[in-house]
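For reference, the structure is listed below as structure tokens.
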Amino acid sequence: AMPREGRAALGGWKRWAAGFDRAGERARAAGLGFGYHNHGYEFAPVDGRIPYDVLIESTDPALVAFEMDLYWTVQGGGDPRAAFAAHPGRFAWAHVKDSAGPPEHRMVDLGRGTIDFAAIFARGDQSGIRHWFVEHDEPADPFGFCRDAFAYLRALEF
């Protein structure tokens with residue numbers, strides 16, 4: 001998570017982006033990759049810009065990949081499809097989890113919320129995503145969640 005003191009101005013976000021590039025260089029030198037997983041706060045405008053866009057635009061695609069968490073993106077007011085279109089090929093992975101919608105955005109079992117996964121997956125070819133990870137932070141029944149999520153995704157048409 002990004003420290004709160006770095007979120008108030010775009011300069012903080014740009015400093016983080018520069019740090020991501022340095023981390024990406026070190027990771028590459030060690031034979032690894034570097035990626036960033038978002039939360040919701042990256043979508044709250046700062047100085048008229050969306051910080052998530054600033055992070056993506058200010059980092060080197062050869063050094064920094066992005067893992068979009070669909071739940072946190074929507075919870076923060078972002079649109080995954082718009083991000084895929086604005087930044088094609090910048091996303092390597094995605095977390096697939098669902099939201100009950102505003103105002104609380106309670107996390108719910110996959111397919112029982114408001115996120116339009118069919119529309120998001122249909123745009124997945126633009127994203128560059130190689131792996132989609134189904135997730136729920138606190139499912140009431142973890143094995144039931146896995147079974148139901150598999151059935152939901154298997155039946156989903158896009």
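The values are calculated or read from the model by the stated rules, or taken from the named source; none is laboratory data. A quick note: this is a predicted structure, and the numbers were derived from the prediction, not measured. Because the Cβ atoms are built from the backbone with ideal geometry, glycine has one as well, and the counts that use them run over all protein chains shown. For accessibility, only protein heavy atoms count, side chains too; no ligands or nucleic acids. Shrake-Rupley method; radii C 1.70, N 1.55, O 1.52, S 1.80 Å.
Per-structure values
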{"item": "Residue match in the range 108-121 (condition: more than 25 Å from T59 (Cβ to Cβ) and of a type in the set (D, E))", "result": "yes"}
{"item": "Condition met for Y36 (in a strand (DSSP E or B) and open to solvent by less than 50 Å² (accessible area, probe 1.4 Å))", "result": "yes"}
{"item": "Criterion: over 12 Å from the mean Cα position of the chain (by Cα), more than 29 Å from R28 (Cβ to Cβ) and polar (S, T, N, Q) - qualifying residue of T59, T114", "result": "T114"}
{"item": "Hits in the range 119-158 - residues which are hydrophobic (A, V, I, L, M, F, W, C), at pLDDT 95 or above and assigned to a helix (DSSP H, G or I)", "result": "F143, F145, C146, A149, F150, A151, L153, A155"}
{"item": "Identity of the residue in the range 108-118, assigned to a loop (DSSP other than H, G, I, E, B) and open to solvent by less than 20 Å² (accessible area, probe 1.4 Å), that ends up farthest from L156 (Cα to Cα)", "result": "I115"}
{"item": "Pick from the range 124-136, criterion open to solvent by less than 80 Å² (accessible area, probe 1.4 Å) and out of contact with any Pro (no Cβ under 6 Å at 6 or more places or on another chain), ranking: nearest to A92 (Cα to Cα)", "result": "I129"}
{"item": "So P139, is it crowded, with 18+ Cβ neighbours inside 10 Å and either over 27 Å from F34 (Cβ atoms) or of a type outside the set (V, I, T) (or both)", "result": "yes"}
{"item": "Selection count where residues are open to solvent by 20 Å² or more (accessible area, probe 1.4 Å) and in a strand (DSSP E or B), scope the range 70-107", "result": "3"}
{"item": "Among the candidates D109, D47, D69, residue that is touching an Asp or Glu at 6+ places or on another chain (Cβ under 7 Å) and among the acidic types (D, E)", "result": "D109"}
{"item": "Near pairs, Cβ below 7 angstrom, 6+ apart or cross-chain, from the range 83-110 (without any contact (Cβ under 8 Å) to a residue 24 or more places away in the chain) to any residue that is open to solvent by 10 Å² or more (accessible area, probe 1.4 Å) and assigned to a strand (DSSP E or B)", "result": "A100/V108"}
